[in-house]
Amino acid sequence: ALGFRNSPISYEIRVRPDGFPVVEILRPTEELEINGDETLSLEYSARDDFGIQEVSLVVSVGARQEKLPILKEGNKRLIARERFNWELGKLALREGEEALYHLEALDNDTISGPKLGTSRALRLRLRNLKGEHQKVADMIHDLSNQMVGLLADHLEAPLSSEKESSRPLETADKNLDQRLHEMMKRIEEVMERSEKDRLSDFATWSDLEALKRNLQFTKDGLLRQKEQASSPEEKTKLDDEISSELERMSLLTEEISKRLKSQEMAASAQDLMKSQERLLDSLDRLKSGDKNLDAILKEISQLANLLASLQQNLSQLASRLPDEFTNNDAVRGLSFSEMFSTLEEIRKKLMQGDIEGAMQLARELFNQMASMVAALQNAQQSAMSSTMGRMQGEMMRSTSELQQILREQQEILVETEGINKKGLGEREDVLKEKLDRFLTKAQEELARLAELFPDEEREGGEGPQGNQLDEATLNHLVKNMISRLLKKDFPAFAEIMEMAQRELGKKRAPQQEQKGKRAEASLQGLRADLEALLEEPLAALKGEEKKGLRDLSQREGVLKERTQDLHEKLNSLFQLFPSLDPQIAKNIQEAGSAMGKAQGRLGELDAKGAVPPEREALERLSQSQQQMQTAMQQLAQRGQLGNMAVSRLLRMGRFLPSGMLVPLPGMPEFPQFDVEGGITGLDMERFRLPGKEDYKVPRSFREEILEALKQGVPSQLKEQIESYFKNLSE
């Protein structure tokens with residue numbers, strides 16, 4: 001009203017430009033060397049004022065780049081810590097390749113467009129798988145040499161029959177025990193290494209397990225028996241068995257080494273095949289203008305060197321390869337000269353500028369190399385399957401023979417026990433009257449002893465000292481004897497009687513002297529009557545029973561010969577297939593010895609004495625049967641899983657639909673199976689459909705498109721093209 005008005009208040013507004021999102025890799029923090037098939041746990045954090053819209057993992061492998069969204073359509077301003085499980089197997093890294101990876105984060109800026117923030121880059125390097133596998137192969141080759149040296153040293157050791165060499169012999173045995181222990185530790189190291197080696201197969205691992213088991217048998221079985229042997233003849237026999245086992249183990253390590261060498265040859269051929277595939281790809285790129293000639297000529301030179309190296313290895317290392325591999329018709333028929341000639345022709349065609357002709361020759365070379373790879377792989381698999389097939393066939397025949405021997409031994413034991421029980425029954429009938437008289441007399445005597453030594457309460461609560469006769473204790477023992485007698489438990493009766501006699505042997509008081517002498521005489525009389533009763537001879541065998549025992553003796557003798565033949569056959573078989581369990585043959589040998597004892601007893605018409613060795617023979621045969629069944633299962637498993645990488649097998653295991661893990665026989669403990677992941681596992685990895693930026697058009701194709709545009713639109717297609725663009729605009 002007076003013409004005054006308030007001065008406006010000024011506010012200063014400063015616009016701060018939006019910053020870029022910040023994303024960091026928290027773990028891992030350094031470059032890693034990987035196997036290529038594990039799962040890497042990535043931990044990261046990100047922050048932005050507008051909020052994080054998307055986080056992606058960007059991986060570069062050579063010229064190839066992949067982008068994996070790991071967080072999408074988010075709106076958080078701060079991601080403190082997140083984890084992403086990255087399956088590295090999907091990278092498909094090859095030997096010598098590296099992967100460079102970093103994280104990218106997009107914010108939610110809708111005004112000036114989302115901004116991109118990147119983390120620092122880290123590197124993944126593929127471990128030298130061939131180098132790791134070569135170390136395993138070298139360790140196995142060293143094992144083979146050590147086994148040969150161990151065998152040679154044992155054969156040169158002093159003989160057990162030389163009395164003057166007893167001390168050096170003990171030293172040699174201790175030295176052998178120590179070296180066997182060191183060898184087993186070395187095998188464990190090789191097995192642990194093979195479990196981490198992606199190129200070592202299950203056949204190698206199982207053979208190493210068999211080698212360790214057989215060395216354990218030699219160390220804890222044969223060598224301990226030799227130490228406990230009393231006669232020089234027995235020591236010499238065990239010496240021979242130890243030498244035989246060491247020879248078998250030397251053959252086994254040599255076989256493992258040879259098989260690895262054949263696998264190396266097949267792998268070299270596979271690498272050669274991959275190089276040829278890259279050559280075809282390079283020729284195709286040369287045709288489109290994306291590759292220069294010098295690089296392709298260099299690839300051809302490298303391919304020729306690989307081919308020459310493979311040819312040289314096949315010729316020079318023939319002695320270190322399995323016979324089934326080197327003698328295979330397909331391997332002997334390989335023509336390296338044709339492949340060298342084709343490579344030279346390809347080089348000439350390229351120098352002349354004839355790319356089409358070079359590609360045609362390259363395709364022919366590809367077919368030749370594919371045939372070579374197939375031949376080497378088939379030879380390697382044929383060598384393995386041939387050995388396994390023969391081994392399984394021989395084991396099946398031996399198992400069938402063992403089953404028949406086991407059945408026959410069971411029948412002999414049943415008939416022997418029948419004759420023995422019949423004799424015992426007749427003996428019991430004869431002894432029944434004597435037994436009744438003994439029981440009546442013993443009960444009367446023991447009742448008088450119980451009255452003679454009453455169980456009275458002691459005045460003052462103090463009993464006799466420990467070295468004095470205690471009447472209450474003796475009364476208790478006598479009553480126990482009566483109880484055992486009523487149950488006809490004669491072994492327990494005799495045991496308690498002995499305790500009572502020891503009690504009577506203690507220091508006696510003057511008033512106990514007369515009673516003690518009477519009790520001693522009574523117990524001695526009962527013991528004599530019991531022993532006479534138990535030692536009553538069997539009734540005389542009838543003519544039919546004697547004939548039956550002689551027939552059983554003859555059958556046992558025939559069965560013993562069959563068992564010995566089976567033992568010799570298995571010994572020969574184990575020399576050919578040294579990975580088999582030596583305890584099988586050992587049990588069969590001991591079963592044959594027990595059969596010999598049983599045959600002697602049956603020949604003497606002693607049915608009772610023949611039963612224990614017959615039972616021992618049956619038990620040994622049963623153990624061998626179980627061990628042979630286990631060996632057959634292991635052979636079948638080795639045949640099915642032999643070529644599978646043991647590192648993959650130990651991770652995978654065998655799962656039932658219920659989710660329960662079923663461990664394979666003889667395998668290490670498997671990791672816990674996640675039931676919710678299903679039988680084959682669930683893939684929860686995020687993915688995105690490829691866009692136009694993911695495909696790079698070849699330069700020649702782009703040039704053709706541009707050239708076509710210069711020439712104008714074909715008249716017959718002009719109307720269709722105009723209609724197409726009109727529809728797009730509408």
Integer Hz, Karplus 6.51/-1.76/1.60 couplings in order for the range 115-120, x for Gly and Pro = 9, 10, x, 10, 8, 5
Rank these for me by crowding, 552, 26, going from fewest to most other beta carbons within 10 Å.
-> 26, 552
Sorted by Cβ density within 10 Å, fewest first, the residues 724, 11 | 11, 724
R0 = 60 Å: FRET efficiency of residue 32 with residue 231, Cβ-based, nearest 0.05?
-> 0.40
Based on the Cβ-Cβ distance from residue 354 to residue 87, what FRET efficiency comes out when R0 is 41 Å, to the nearest 0.05?
-> 0.35
Residue 112 label point, 7 Å along Cα→Cβ, cut-off 15 Å on backbone N: hits in the range 34-62?
-> 49-51
Taking the simple approach of a point 7 Å from Cα along Cα-to-Cβ for both residue 721 and residue 195, what is their distance in nm?
-> 6.8
With r as the distance between the Cβ atoms of residue 65 and residue 281 and R0 = 22 Å, compute the FRET efficiency 1/(1 + (r/R0)^6) and round to 0.05.
-> 0.75
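Anything over 18 Å Cα to Cα? Flag those among 219/560; 546/608; 287/710; 212/569, in the order listed. Walk me through the numbers on the way to the answer.
Working: 219/560 29 Å; 546/608 13 Å; 287/710 23 Å; 212/569 24 Å.
Cα-Cα > 18 Å for 219/560; 287/710; 212/569; rest within.
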Take each of the peptides 614-626, 274-286, average the number of other beta-carbon atoms within 10 Å over its residues, and list them starting from the highest.
-> 614-626, 274-286
Label point at residue 273 placed 7 Å out along Cα→Cβ; residues across the range 113-151 whose backbone nitrogen lies under 12 Å | none
Rg to Rh, two decimals, where the range 130-257 supplies the alpha carbon set and Rh follows Kirkwood | 1.05
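Read-outs throughout are calculated quantities, based only on the coordinates presented, and are distinct from any laboratory measurement. Nothing here was measured: the structure is a model prediction, and the numbers come from that model. Note: ideal-geometry Cβ built from the backbone for every residue, glycine included; neighbour counts use all protein chains shown.
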